[in-house]
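First the structure, in the form of structure tokens, and then the observations on it.
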Amino acid sequence: MRFSLFVHMERLEPGQSHTELLHELEALVQMAEAGGMEAAWIGEHHGMEFTIAPNPFIQIAYLAPKTTKIRLGTSSVIAPFWHPIKLAGETAMTDVITGGRLELGIARGAYSFEYERLHPGLTPMEAGLRMRELVPAVQKLFQGDYEHQGEYWQFPKTSAVPQPVQPGGPPMWVAARDPNSHEFAVRTGCNVQVTPLASGDAEVESLMQRFNAACEANPQVKRPQIMLLQHTYVAADEADAARGAEELSRFYCYFGAWFQNKKPVTQGMMEELTPEEMAAMPQYAPEAVRKNLVIGTPDDVVARLKSYEALGYDQFSLWIDSGMSFERKKASLTRFIEQVMPQFQKVPEYA
């Protein structure tokens, strides 16, 4: 099993400048590269200080000359916010900038907060349909001179300009949860990204079952890779693990509030949650988070990841967004690199 880092600029309070947050992002990605991680992933989000990433290609282009070998990926661009020609061109240009180190992850999106601002009236169902039309169109634009007459986009013969460095374009990943999304990803030759969020190991197993079913239903397609994205905190001791669970509990309460899209947002900041509001989300209580996320001492984390490796996951991505201080993020990442990763046999790239 390979390892990667999923990271954004983030803040729950307006205490730090965005310039400082950018430098922290850079430092974490450089740590990941020096530690032998496969990739660093950055998503797309709009109008939210909670997750600052209006265009992941910009951050990737910034990181490209500051790194040498780590792959840099979008996890994920939000399909309904992109035109196929625009996405193909910006992807190819970023692949040129990174020297062929780009990975392209695509998702339908999840926050209604973003839908109602960038695409009013958009439903999750339509967002998924747009993603299913976008992915094969981008794949064909990488091949050049492609004409498209679809439900959502129509355009005459066009090629991605520039052409990507990687033949056929960067590896594509589709964020999948339901069985139909897994089947679509596998059938179109895409790798699969999954996250159980805070649902625990039963969901981790179920997601792999859906992926395996999709592979069995498409025997004509070479088995793609599957990546598991999970919040992870490698603690110094049990007391530190308990503190990490409390911090991630708070993070998920805010995540849930953003997802529900009911709290006032001013200058990109959500109104502070009260203790009563957080208590009303017992699924994110510290004890639930400690059980369902990957939180513990290095030995605890190794045991948990070994079980994921046994299920067949090809890549585990350490989701470091947490509302924690930069120093605590660095300490956890250091322990992951030095005490967890060495317990796994390194496999050749894209074996």
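Each value in this text was obtained by applying a stated rule to the coordinates, not by laboratory testing. Since this is a predicted model, take the numbers as computed values, not measurements. Don't worry about glycine lacking a Cβ; one is built from the backbone with ideal geometry, like all the others, and counts go over all protein chains shown.
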Based on DSSP loop calls and a cut-off of at most 16 other Cβ atoms within 10 Å, the longest stretch of the chain free of exposed trypsin sites (Lys or Arg not before Pro) is what? 70-221
The chain: calculated mean residue ellipticity at 222 nm from DSSP helix runs of at least 4, using -39500 (n - 2.57): -13500 deg cm²/dmol
What is the distance in Å between the Cα centroid of the stretch 181-255 and that of the stretch 118-135? 22 Å
Measure nothing but the geometry: give the 0 to 90° angle between the long axis through the Cα atoms of 84-97 and the longest principal axis through the Cα atoms of the chain, rounded to 10°. 70 degrees
In terms of the Cα gyration tensor, with a ≥ b ≥ c the square roots of its eigenvalues, is the stretch 99-177 rounded because a/c is under 1.5, prolate because a/b exceeds b/c, or oblate? oblate
Rounded to one decimal in nm, the spacing of the 7 Å Cα→Cβ label points at residue 326 and residue 12 is 1.9 nm
If one takes the longest principal axis of the Cα atoms in the chain, at what angle in degrees, from 0 to 90 and to the nearest 10, does the Cα axis of helix 18-34 lie? 90 degrees
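Restricting to Cα pairs below 8 Å that are 6+ residues apart, what does the relative contact order work out to for the stretch 2-343? Please round to a whole percent.
Relative contact order of the stretch 2-343: 18 percent.
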